[in-house]
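Here the structure comes first, spelled out in structure tokens, and everything after it is commentary.
The values are calculated or read from the model by the stated rules, or taken from the named source; none is laboratory data. Computed from a predicted structure; not experimentally measured. Counting neighbours? That spans all protein chains shown, and the Cβs are built from the backbone with ideal geometry, glycine included. Please note that ligands, DNA and RNA were not included when accessible areas were found on the heavy atoms of the full protein model with its side chains. Shrake-Rupley method; radii C 1.70, N 1.55, O 1.52, S 1.80 Å.
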Amino acid sequence: MTARTITRAAFLATLMGAATLAVATPAFAARNADAEQYIQTNASSAMRTLADRSIPAATREQAFNRLMSEFTDMPRIASFVLGVHGRQLRSDAALRAEWNRVFQEYATAVYEDQLDRYRGSTIRVTGSVERVPGRDIIVASEIVPRSGRAIPAQWRLLRTGDTWKVVDVSLLLEGNEIWLAQQQQRDFLAVLDRNNGDIRGLIVEVNAMITRMRARATARG
């Protein structure tokens, strides 16, 4: 990329989102035990999968990819990060399928690449706030390493019918808590604005990043 590269840190200044967050919530807002349990179960499973060096890297990658597909609303996020350019996906089924596939591979690679630093850590849910009762929840948690200070992480969940899906995550990056989807959208839009909204051009850039991340993962073993 030219003026501003989409970096791993930039992705971790996004991933999961599909609507603008207003994170300030009333102190009296209710907790949601169901959403809290969903995060405790699934985030813990993701951390265990990444830490399991008893299985081949390719098998671990497949398991993590499958888990992320179930845990997060990838199609919603993939459309969100394109902003107004996402309208192209509605009229071009082939482009939509290609972008969704590449974005999911990218998202999975970024999580695998970044969360590897927390290998052996556990997830501890500490509370939740209902933005919309029963449907839109912020779950607070901590990534707890074997030694050292716990790292805060928040998860935004939306429920459709009986199904929860994660649509945004906040992490503490360089001392700042950042909601990931917001930043990812800004970074992708910067690229699309420079290339006249060419999503296929963006796909080329994203594929190059995936290749580099996979190479790093292979080198780590």
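Listed values, structure above:
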read-out	value
Filter result for ASP113 (acidic (Asp, Glu) and modelled with pLDDT under 95)	yes
Residue in the range 169-178 that is in contact with a Pro (Cβ under 6 Å, 6 or more places away or on another chain) and open to solvent by 30 Å² or more (accessible area, probe 1.4 Å) present	yes
So GLU98, is it at pLDDT 90 or above and open to solvent by 60 Å² or more (accessible area, probe 1.4 Å)	yes
Given (1) part of a strand (DSSP E or B); (2) open to solvent by 60 Å² or more (accessible area, probe 1.4 Å), number of the condition ARG186 does not satisfy	(1)
Residue check for VAL191: modelled with pLDDT of 90 or more and closer than 27 Å to ALA57 by Cβ	no
Complete set of residues in the range 151-165 that are surrounded by 20 or more Cβ atoms within 10 Å (Cβ to Cβ) and in contact with a Lys or Arg (Cβ under 7 Å, 6 or more places away or on another chain)	LEU157, LEU158
Residues of the range 107-142 classified as in a helix (DSSP H, G or I), more than 22 Å from PHE80 (Cβ to Cβ) and either open to solvent by less than 20 Å² (accessible area, probe 1.4 Å) or touching a Lys or Arg at 6+ places or on another chain (Cβ under 6 Å) (or both), total	0
Filter result for the condition that a residue is over 24 Å from VAL125 (Cβ atoms) and either at pLDDT 50 or above or of a type in the set (Val, Ile, Thr) (or both), over THR41, THR7, THR49, THR25	THR7
Every pair of residues 6+ apart whose Cβ atoms lie under 6 Å, when the first sits in the range 65-90 and is assigned to a loop (DSSP other than H, G, I, E, B) while the second is surrounded by 17 or more Cβ atoms within 10 Å (Cβ to Cβ) and at pLDDT below 95	ASP73/VAL167; VAL81/GLN184; VAL81/GLN185; VAL81/PHE188
